[in-house]
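Please read the structure below before turning to the comments.
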Amino acid sequence: MTDLERGLFLPDWNERFVPCTRQTWVDAKALSEEAWLAVLCELQPTVIVTAWSCPVIPFSWASASDCPLRYVCSVTGSVKPRVSRALLERGVLVSNWGNLISHTIAEHALLMVLSCLRNVQHWSALIDEPQTMFAMMPLMRTRSLRGKRVGLHGFGAIARELVVMLRPHQVEIAAHSDGVPAEHFADYGVKRCGSLAALFADSDVLIECEGLNDRSAGSVTEALLRSMPSDAVFINIARGMLVEDERALARLADEGRLRVALDVFHTATLPSDAPLRLSDNVLLSPHVAGPTWDTYPLLGQAALENISRYLDGQQPERLVTLEAYDRAT
């Protein structure tokens, strides 16, 4: 991991925290593909601790009969950019942060829902030009969350955290996610929608928390968005590529059809001339729904505890199964 990642996740690192024969820090981001492979061949690690910056672990090295790699411990959530499916099939253990920050992402989603309903993006302009509450209301069109129909596209750990956070607002909650058993929705008291079309058409608030895969990519079309009730809220804290056309979101927001808030986009950074940036009716956050400042060290500590378990001959927690790998982004 990079020095920045080390400072975020492991600010108080001490080699005594995880006693072992040899520990080596490598900023693999700064290495070429060939240099990264050479480092692995030289170090021959049994355990690799990764963060976002780590490149893919070369299967040509990891699949060799004499390769000592047994465990990849990711301090982050995503493992696909670094670990091939073949590594799991080979029996290498892989863990990540699991559901440790599902609550921070759910909190951010709820923040965006309430911000859209109260039209937060227009507050500054109205403060600059003071008006009475009665004069502001036709401009602000503030709405309450209570009693709304909330749809969740996806029903993983983040969606389940959202169910808990939404309950006090006395909302009706429905969800749709391919492959999730009906009884799983029932366990959380959530209505299961048989189709994405039904979910969008019946939701006053739609929160995207589905994983990105071949089936879900581009599944949120303009037609689906237009099927939502007028002045509905669309939130995306999952993956930008779930939405087929980002320009459609800007159009619908500018038409007054939807209230839109996004933490993720098609690209890592949103160009200054992108329609979403130019719309006054879209609320954007810079992909910060994940770990909060105070949870980074907690994630690092959880990774250290997992490494200690492995070295003590115990099963690490939050292991990534093949099923979870296939559903993940």
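The values are calculated or read from the model by the stated rules, or taken from the named source; none is laboratory data. Bear in mind that the values here come from a model prediction, so they are computed numbers and not experimental data. Ideal geometry is used to build each Cβ from the backbone, glycine not excepted, and the neighbour counts take in all protein chains shown. Accessible surface areas use protein heavy atoms only, side chains included; no ligands, DNA or RNA. Shrake-Rupley method; radii C 1.70, N 1.55, O 1.52, S 1.80 Å.
Tabulated results
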quantity: Positive-end residue of 162, 236, 182, charge dipole of the chain with Cβ unit charges; calculated: 182
quantity: Most to least accessible of 153, 122 (protein chains only, probe 1.4 Å); calculated: 122, 153
quantity: Cα centre as origin, Lys/Arg/Asp/Glu Cβ charges: the chain dipole, Debye; calculated: 620
quantity: Stretchable slack from residue 321 to residue 59, in nm (0.36 nm times residue separation minus alpha-carbon distance); calculated: 92.5 nm
quantity: Antiparallel DSSP beta bridges within the chain, percent to nearest 5; calculated: 5
quantity: Using θ = phi - 60° and Karplus 6.51 cos²θ - 1.76 cosθ + 1.60, couplings along the range 89-102 (whole Hz; Gly, Pro as x); calculated: 4, 6, x, 5, 6, 9, 10, 9, 7, x, 9, 5, 10, 4
quantity: Computed lengthening from residue 13 to residue 27, 0.36 nm per intervening residue step minus Cα-Cα distance; calculated: 3.5 nm
quantity: Accessible-area composition of the range 1-144, carbon plus sulfur, in percent [1.4 Å probe]; calculated: 58
quantity: Label-point separation in nm, residue 169 to residue 198, each point 7 Å along Cα→Cβ; calculated: 2.3
quantity: Loop trypsin sites (Lys or Arg not before Pro), the range 114-218 (other Cβ atoms within 10 Å of the site Cβ: 15 or fewer; DSSP); calculated: 141, 146, 215
quantity: Semi-axis lengths, Å, the range 197-327, gyration tensor of Cα atoms, sqrt of 5 times eigenvalues; calculated: 35, 18, 13
quantity: Inter-centroid distance (Cα atoms) of the range 205-250 relative to the range 88-157, Å; calculated: 14
quantity: Centroid-to-centroid separation of the range 159-191 and the range 267-290 [C-alpha atoms, Å]; calculated: 28
quantity: Portion, in percent, of the accessible area of the range 263-309 that falls on carbon or sulfur, probe 1.4 Å; calculated: 58
quantity: Two-decimal ratio, the range 107-238, of alpha-carbon radius of gyration to 2.2 N^0.38 Å; calculated: 1.14
quantity: Length added when fully stretched, residue 86-residue 215, from 0.36 nm per residue minus Cα-Cα; calculated: 44.3 nm
quantity: Total charge dipole magnitude, the range 65-202, about the Cα centre, Cβ charges on Lys, Arg, Asp, Glu only, Debye to nearest 20; calculated: 100
quantity: Area accessible to solvent at residue 184, 1.4 Å probe radius, in Å²; calculated: 60
quantity: Volume per residue that the Cα convex hull of the range 1-85 spans, once the total is divided by residue count, Å³; calculated: 97
quantity: Accessible area of the range 1-159 divided out per residue, in Å², using a probe of 1.4 angstrom; calculated: 52
quantity: Relative frequency of Cα-Cα separations exceeding 14 Å in the range 110-180, percent; calculated: 67
quantity: Stokes-Einstein D for the chain, Kirkwood Rh over Cα pairs, 37 °C, 0.692 mPa s (µm²/s); calculated: 151
quantity: Diffusion constant of the range 1-147 at 37 °C, which comes from Stokes-Einstein with the Kirkwood Cα-pair radius and 0.692 mPa s, µm²/s; calculated: 171
